[in-house]
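Step one of this worksheet: look at the structure below.
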Amino acid sequence: MMMKKSIGLAFFLMLLGFSALACDICGCGVGSYYIGILPEYNKRFVGLRYQYKTLQTHLGPQGQITPLTTDETYQTAELWGGVNFGSKFRILAFVPYNINKRSSQEGNGKKNGLGDIALMGYYNLFTQTLPLKSKLLVHSLWLGAGIKLPTGKYEPTEKLAVQESPNNFQLGTASTDFTLNAAYDIRLNDLGFNLNVNYKINTANSYAYRYGNKLTGNALLYYKFRLFHKITLAPNVGILYDTATKDIENNKYTVDVSGGHSAALITGVEIASSKFSLGANYQNIISQELANNRAKAGNRLMIHLSVPF
């Protein structure tokens, strides 16, 4: 009965998150909160993540390519890490370095620099291990909150220069924002299901611009193969969903070229040993409606390497 209540609570949180009306164009530009399957570690880990994303902006009213259409790429090299405090508390930190590029018939542009640093704290609501005949069921639920700091450079002139394009070509938002987080994992022997939900609550920056609140959720099915009694190979498949409300300017005007939603199929693999974790995934966009159809996201790639200590 306790197990049924715990699983029910976890899926209730998932449904609550996905029914909310909530990217900084959904995963591109000045924010991405995809976490996925965390590296295996008992106390601490530190690592690097690399993300590559593309975006087309200045599309026509029906989403068509025009002479003004701009191709944008967003690359992030991110230092990230986690610390467990006992069995109940966990802190994750993200320090991104962004490389933004764009090209169009009118010219090219590029921005490099520190992005917005984020911290997330989690509390382990429960972890249970239950024997089921000859198999073992293990599941856990972590709940938490976080803060994103305005450490990345924001250029207000960027918004004025691109009236029909989302305010996305920034290194940071210049705002202090907050997140609510949930992470659920359930595994029957080596077959597992992982769920992460993140809701980002944005505040207005000093230039009276507020990015829309954003919801990110991903669900992954994985299987762990044990190799040579030392290495774990875990292929995984799943879905990533982003949705955001429209931006607000001058505390009252809705920005039409903003907000929207997208969904992507994820295929990936995680390799772990006692000394390192290595992973990669490819995110194939299957559905989207971004910035009033004035922007179109391309497929994405993520690679990470981490070391427990």
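Cβ under 12 Å from Q283's Cβ, Q283 left aside: what net charge do those residues give with Lys, Arg +1 and Asp, Glu -1? Intermediate results must be reported in sequence, preceding the final value.
Working: positive: K53, R300; negative: D242.
That sum, taken over residues with Cβ under 12 Å, equals +1.
On full extension of the chain, what length is gained from S103 through L48, given 0.36 nm per residue of separation minus the C-alpha to C-alpha distance? If you can, show how the numbers build up before the last one.
Numbers: separation 55, 0.36 × 55 = 19.80 nm, distance 2.77 nm.
Between S103 and L48, full extension yields an extra 17.0 nm.
Tell me the mean residue ellipticity at 222 nm calculated for the chain from its helices only (DSSP H runs of n ≥ 4, each -39500 (n - 2.57), averaged over every residue, nearest 500).
On the way: 2 runs with 24 residues, N = 309.
My calculation for the chain gives -2500 deg cm²/dmol from helical runs alone.
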Arrange S277, S87 by Cβ neighbour counts within 10 Å, fewest through most, would you? S87, S277
Which value results when the Cα radius of gyration for the range 2-308 is divided by 2.2 N^0.38 Å? 1.02
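Send over the per residue convex hull volume for the range 92-187, Cα only, as a whole number of Å³. Before the final figure, lay out each step's value.
On the way: hull volume 14.3 nm³, N = 96.
In the range 92-187, the Cα hull volume divided by residue count equals 149 Å³.
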To the nearest 0.05, how large is the calculated FRET efficiency for E40 and F178 if R₀ is 30 Å and r is the Cβ-Cβ distance? 0.60
Modelling each spin label as a point 7 Å along the Cα-to-Cβ direction, I'd like the L136/I201 distance in nm, to one decimal. 3.9
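Report the trypsin sites (Lys or Arg not before Pro) located in the range 88-184 that are in a DSSP loop and have at most 10 other Cβ atoms inside 10 Å of their Cβ, or state none.
Working: sites: K88, R90, K101, R102, K110, K111, K133, K135, K148, K153, K159; in loops: K88, K133, K153.
Sparse-neighbourhood loop trypsin sites (Lys or Arg not before Pro): K133.
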Around A219: net Lys/Arg minus Asp/Glu count, Cβ-Cβ under 15 Å: -1
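Bear in mind these aren't lab numbers, they're just calculated from the coordinates by the rules spelled out. For clarity, every value in this text was computed on a predicted model and none was experimentally measured. Here Cβ is always computed from backbone atoms with ideal geometry, including for glycine, and neighbour counts include all displayed protein chains.
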